[in-house]
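Here is the structure we will look at, set down as structure tokens.
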Amino acid sequence: MVLGIVIEAKNSLRVYHSGAYPNQPCTILDYLARRPSFVKVQSSSNEYPAMSNADPIEIEKFSQLAHKWWDPHSEFKPLHDINPLRLNYINQHAVLAGKTVLDVGCGGGILSESMAGLGAQVTGIDLSEKALQVAKLHLLESGKQVDYRKIAVEDLAIEQPAQFDVVTCLEMLEHVPDPDSVITACAKLVKPGGWVFFSTLNRNPKSYLLAIIGAEYILNMLPRGTHDYAKFLKPSELAQSCRNAGLNVNDLIGMSYNPISKVYSLGKDTDVNYVIACLRD
């Protein structure tokens, strides 16, 4: 594909390319949002089911960093920093003590362990074997109790429908080929009257500049290539997907980062990161 960038007075940066949209100008962000962002492939091994809603490249990307998951000064520092905010937000809505909780895309278990620490009976699922190994090993150090399983959320929804009081799926939707499939599965897994929490990245110029250019290329808070702008979801899109899955949106809150104070906070600004809380009828 031939890609050319032209600066136009009224439309800022615009892209002209020969490919899916020959000779049609579009803004750079429009181009990034609509270009093909992944290819579904069949793994040569049995590590990933051929038809699973998983991108092997994404899984491998995080697997390579799995040994650093519990290092608060590593590439996972942002997850450690925002974890207290996420945990408190979830607990304020769902009151975790005594609840059965499913953490979808648990990775190395940062959130899973925190919820277990508040008295929840937690199951964490992920498709990265290395991340799950790290999560299980860390239980020996922390003394927490979490049931970790390598299983796709869609498969677990078939196996254990309506079995959890709370389902969390944080910082994951932007890493899967089909977010709607994950959302639908989460809705099936939660009990009637139960809570489902999603967090992801908004799709707009500000989020591209801050979450990708700023966080990955300027501040080096995240490894380059961590995020794909085309996979970001607007709050309106996520809310509609939740409603389509039978969930009622109860609350929406933004998460912001101050690069000067290096402090994260929750508030009304949903331009970049945000969390959505839903209830199942």
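The values are calculated or read from the model by the stated rules, or taken from the named source; none is laboratory data. Computed from a prediction, not measured in an experiment: that's the story for all the values here. Glycine gets a Cβ as well: all are built from the backbone with ideal geometry, and neighbour counts include every protein chain shown.
Quick notes on this structure:
- In segment 249-281, the qualifying residues are those that are part of a strand (DSSP E or B) and of a type in the set (S, T, N, Q), and the one that is surrounded by the fewest Cβ atoms within 10 Å (Cβ to Cβ) is Asn258.
- Against the test of being without any contact (Cβ under 8 Å) to a residue 24 or more places away in the chain and hydroxyl-bearing (Ser, Thr, Tyr), the options Ser265, Ser241, Ser256 yield a single qualifying residue, Ser256.
- Of the residues making up segment 194-207, one or more are crowded, with 20+ Cβ neighbours inside 10 Å, in a strand (DSSP E or B) and among the small types (Gly, Ala, Ser).
- The residue that is farthest from Leu96 (Cα to Cα), counting only those in segment 175-193 that are among the β-branched types (Val, Ile, Thr) and not in a helix (DSSP H, G or I), is Val176.
- Residue within segment 43-65 that is more than 21 Å from Leu279 (Cβ to Cβ), of a type in the set (Val, Ile, Thr) and either in the same structural domain as Trp195 (by TED's automatic domain parsing) or at pLDDT below 95 (or both) present: yes
- Tyr217 in a helix (DSSP H, G or I) and aromatic (Phe, Trp, Tyr): yes
- Selection count, segment 227-247, where residues are assigned to a helix (DSSP H, G or I) and touching a Cys at 6+ places or on another chain (Cβ under 8 Å): 1
- Of all residues in segment 158-174, those satisfying the criterion of being assigned to a helix (DSSP H, G or I) and buried (at least 20 other Cβ atoms within 10 Å of the Cβ) are Leu173, Glu174.
- The criterion of at least 3 residues that are exposed (fewer than 15 other Cβ atoms within 10 Å of the Cβ) and in the same structural domain as Thr226 (by TED's automatic domain parsing) is met, among helices (runs of 4 or more DSSP H) falling completely within segment 71-157, by 77-94, 129-142.
- Once segment 98-107 is narrowed to residues that are within 14 Å of the chain's Cα centre (by Cα) and modelled with pLDDT of 95 or more, the residue that is farthest from Gln64 (Cα to Cα) is Asp103.
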